[in-house]
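Peer 1: Just passing along the structure, written as structure tokens.
The values are calculated or read from the model by the stated rules, or taken from the named source; none is laboratory data. Keep in mind it's a predicted model, so treat the numbers as computed, not measured. Cβ: placed from backbone, ideal geometry, glycine included. Neighbour counts: every protein chain shown. When the accessible area is computed, the model is the full protein with side chains, heavy atoms only, and any ligands, DNA or RNA have been set aside. Shrake-Rupley method; radii C 1.70, N 1.55, O 1.52, S 1.80 Å.
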Amino acid sequence: MPLQPSPMSCDGRAPVGRPSAALALAGVWLLAGCSMLEPVVAEAPVLPGRYAQDAAPGPRRDIDGWWRRFRDPALDRLIAQAARQNLSIAQAKARLAAGRSLAGAASALFLPSVGSSGQALAGTSEEPFEDPLRQPVVAGFDASWDVGLFGLSESSQQAAAASAAIAGDELDAVRIAVTAEVAAAYISLCSTTRQRELLAALLATQERRAGLARSRERIGLAPPGADADGAAVAETQAGLARLDARARALRHQIATLLGTAMPDDTLGASGRQPLPPDGPEAGRPADLLRARPDVRAAEQRVLKAAADVGIAKADLYPKLRLGGTIGVGLPSPGSPLGLAGGPSLQIPLFDHGRREAAVDARRALLEEALAAYRQAVLAAYQEAAGALANWRAARAATTRLSAVIEADQRQARRLGVLYREGLADAGGRADADAGLIQAQRRLAVAREAEGLATVALYKALGAAAPAPAQEARG
């Protein structure tokens, strides 16, 4: 049972118990210096000095506005619009604002507070009220101070600050995810448009070949019933329908990311596939510890768990509250103006081990947070290394297909010259055109894969634009 001594009081005459109050105040300052903060260091696992297959550590990454490497104004516009209008970002911003407000209020929990109160009583009794709290008129000001002893104040502030930092890291994570989703959807949309252009050209070639086959059949140069070109035309038409459906779905996805239900039907109509002219700078694996918001948030959760241990440990010790009242009608009926005040001490004596169990539980949660932090670091390295390997493979595939396209284009030009000179038939030229278009389609798919791999790599590296200055000030 906590002990609650009665507050000292005075009625306007000589103060009573002043030496005891001074002694209590001195004790407050001595106890306030005792800290229960849990000493903890969030040590990250040892990471390699460079990523696999890197000859040497790359330069420090410049990831602010990484999407501008694609040199596509439409993509720049979409990402800027998503930063303003995306609803997931808006929710994360609201959580950050709430966390910062609570962190700012945490420092005021253990500061003196002042309030006012008043009451009026009426009755039929002519006897005077002996109880000071039942005077006919009572009005005054109340002051109180919950002293954060044994590190309770510091631990509470640290926990609130860590919660606000976690909210900020979660906002960065949402920004990264939204930016990557917008970029990936736009790259896929441009690839879809490009593939549709090529498929439409292939359809024209196939229809030309089908016409030639029908002409040969009519003049007896081909056996009747050969309808291979007709089946190819039907398959290509079905492919066009699938690409149209995919383009509509991607435009709707981009519209949702922009916080609207109205897709832009002209988006990606040019068919130009954005690709960065140079490779990304992966930097060093250790950079992930500060670049990845999920890793930073895991570290902040360790600090918050340590602060929660400090709060639980402070609950094992006495709590001191200083209070006072000055007003009319208090503390005695014989005084028009009274003053009352004094300390209130709560001392935990026996609680069947509940407080000790709370400390043990908080320490266990701290161990969990430490393990989660180390796991987050390892997962971040694994994701970044895998994304870098995928990007290298996608870039190699694009390079190989580009070389094949150049060879096919040279062959198509030679056949064109022979056809104009009458040394090649229309069927052979149509076959060469169809083969070139199919190779260009494979290249379009490879470029999409490379673009998506580039986006995934920047996301894995923790690439995100910094928060605006006014938001950072919060």
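Peer 1: Among the residues of the range 355-365, is any assigned to a loop (DSSP other than H, G, I, E, B), at pLDDT 75 or above and among the aliphatic types (A, V, I, L, M)?
Peer 2: Looking through the range 355-365, none of the residues is assigned to a loop (DSSP other than H, G, I, E, B), at pLDDT 75 or above and among the aliphatic types (A, V, I, L, M).
Peer 1: In the range 228-250, which residues are open to solvent by less than 40 Å² (accessible area, probe 1.4 Å) and within 30 Å of S88 (Cβ to Cβ)?
Peer 2: Passing the criteria: L243, A247, L250.
Peer 1: Which of the residues that make up the range 277-306 are at pLDDT 90 or above, open to solvent by less than 40 Å² (accessible area, probe 1.4 Å) and over 16 Å from A380 (Cα atoms)?
Peer 2: V302, A305, A306
Peer 1: Oh, and also: Go through the range 81-107 residue by residue and tally those that are crowded, with 16+ Cβ neighbours inside 10 Å and free of Cβ contacts under 8 Å to residues at least 40 places away in the same chain.
Peer 2: Final tally of qualifying residues: 0.
Peer 1: Being surrounded by 14 or more Cβ atoms within 10 Å (Cβ to Cβ) and more than 20 Å from V41 (Cα to Cα): is that true of A387 here?
Peer 2: Taking the combined requirement at face value, the residue satisfies it.
Peer 1: Give the range 240-292 a look and list any residue that's within 16 Å of C190 (Cβ to Cβ) and among the hydroxyl-bearing types (S, T, Y), or say none.
Peer 2: Matches in the range 240-292: T266, S270.
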